[in-house]
Structures are given as structure tokens and as C-alpha cells.
Amino acid sequence: YDGNGSTAGAVPIDLGKYEKGAQVTVKSNTGNLVKTGFTFVGWATSASGTEVYKAEETFKIGTNDLILYAIWKQNTTYALTITSTNGKVTISPDATVFDSGTVVTLTPVPSTGYHFTGWSGALSGTTNPATITMNSAKSVTAIFEANPPNTFALTVLGPNGTVQKTPDQTQ
């Protein structure tokens, strides 16, 4: 057994000697086979992995020793770029690079005096929080706008006449 770069792992069979013609089943026992940034694909009888067998495979012992190699596929990762002014965006899980298929939750957090008005880029709309599936590199912008200035009502009392206001509005 050769882990081909795994940091841990064990083949869940007895690695002792077997008689010619013996049928030996190996399993991935994937929880034990770990290689950061990679996914276990299966077993091969050469280090190059030109002939890959399933994660659980039965081999027949021939006249020579049988060496099995763990074969790995590198995980595809994608970058997520967040842009915002007058606020920030919290990201869960908290990272900037994600494995393909990871669902990321984005929550806009406006600075004091601002409010969230929407997304642009790889997201649109005003959903808060929003989710995005990482199946390519993506850029998202959170849009924050200043809160409207404080407005106050003006009441004018004129018991013996009228009062002209400019501009003529109630608030």
C-alpha cells in the first residue's frame, strides 16, 4: 500500500502474505485516507494511476507481490471577491477561496448612517442574507446608501389668517 502523499491512512485489510489466487478486498475507508485539498478517487496498481479501480475493489493475488497506490484528484477551488463601501459583508464559512459546490452565506452589515439596498455582480436583488454557490470565481458588491436626512413635520397655526410656506410641503 502506498498513500501517494496522504497524511494518514490505512488499508482495512491485513497487509500480511496471501496465497496465490487469494481474493483480497480493499476499501477506501475514506475517513482514514486524508490528503488536504484532494479527494480519494480509488486504487491503482501503478503510482501513475493509469488504471484506477473503485474505492472498494477486490484483487486476485497473482504470482508476484501486489502493490496498491491511493489515487487522488485535486479539489477545484474558486475565489470569492467582496466589494463594499459604507459597510461590510460577513461571509460564512469565513474564507476567500472555496471548494467547488460550497454554498456561501453573505450578510451585509451597514456602517452607522447607512442601509443596505442590494447586490450587484454575481448576485442581484435585495435578499439579506443571500447565498451563493461557488462553481466559478465570483465577485459580489454590496450596495449601501446613506440614510435619508432626518425629516420633521412643520405645523403652522395662524388663528387670524394664513401663512405661506416655501416650499409648500407638510414634511
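The values are calculated or read from the model by the stated rules, or taken from the named source; none is laboratory data. Remember, predicted model here, so these are calculated numbers, not experimental data. FYI the Cβ positions are ideal-geometry reconstructions off the backbone, even for glycines, and counts take in every protein chain you see. All accessible areas refer to the heavy atoms of the entire protein, side chains included, with ligands and DNA or RNA removed. Shrake-Rupley method; radii C 1.70, N 1.55, O 1.52, S 1.80 Å.
For (1) acidic (D, E); (2) farther than 30 Å from G37 by Cα, each residue gets a yes or a no:
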position: I91; (1), (2): no, no
position: D94; (1), (2): yes, no
position: T102; (1), (2): no, no
position: T112; (1), (2): no, yes
position: H115; (1), (2): no, yes
position: A122; (1), (2): no, no
position: G125; (1), (2): no, yes
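Between a residue in region 43-64 that is under 23 Å from K20 (Cβ atoms) and of a type in the set (S, T, N, Q) and any residue that is open to solvent by 60 Å² or more (accessible area, probe 1.4 Å) and modelled with pLDDT under 70, which pairs come within a Cβ distance under 7 Å, given they are 6 or more apart or on different chains?
Matching pairs, first to second residue: T45/E51.
Quickly run through region 149-165 and pick out the residues that are open to solvent by 100 Å² or more (accessible area, probe 1.4 Å) and at pLDDT 70 or above.
P149, L157, P159, N160, T162, Q164
Could we say that I132 is closer than 29 Å to T39 by Cα and open to solvent by less than 40 Å² (accessible area, probe 1.4 Å) here?
yes
Would you check if there is a residue in region 28-50 being open to solvent by less than 90 Å² (accessible area, probe 1.4 Å), modelled with pLDDT of 75 or more, of a type in the set (F, W, Y) and closer than 30 Å to G118 by Cβ?
Within region 28-50, not a single residue is open to solvent by less than 90 Å² (accessible area, probe 1.4 Å), modelled with pLDDT of 75 or more, of a type in the set (F, W, Y) and closer than 30 Å to G118 by Cβ.
Being open to solvent by 50 Å² or more (accessible area, probe 1.4 Å), under 13 Å from I132 (Cβ atoms), in a strand (DSSP E or B) and free of Cβ contacts under 8 Å to residues at least 24 places away in the same chain is the filter here, so list the residues in region 70-115 that pass it.
Hit for region 70-115 is S92, nothing else.
Given the criteria assigned to a strand (DSSP E or B), modelled with pLDDT of 90 or more and surrounded by 11 or more Cβ atoms within 10 Å (Cβ to Cβ), does T141 qualify?
So T141 fits the description; yes.
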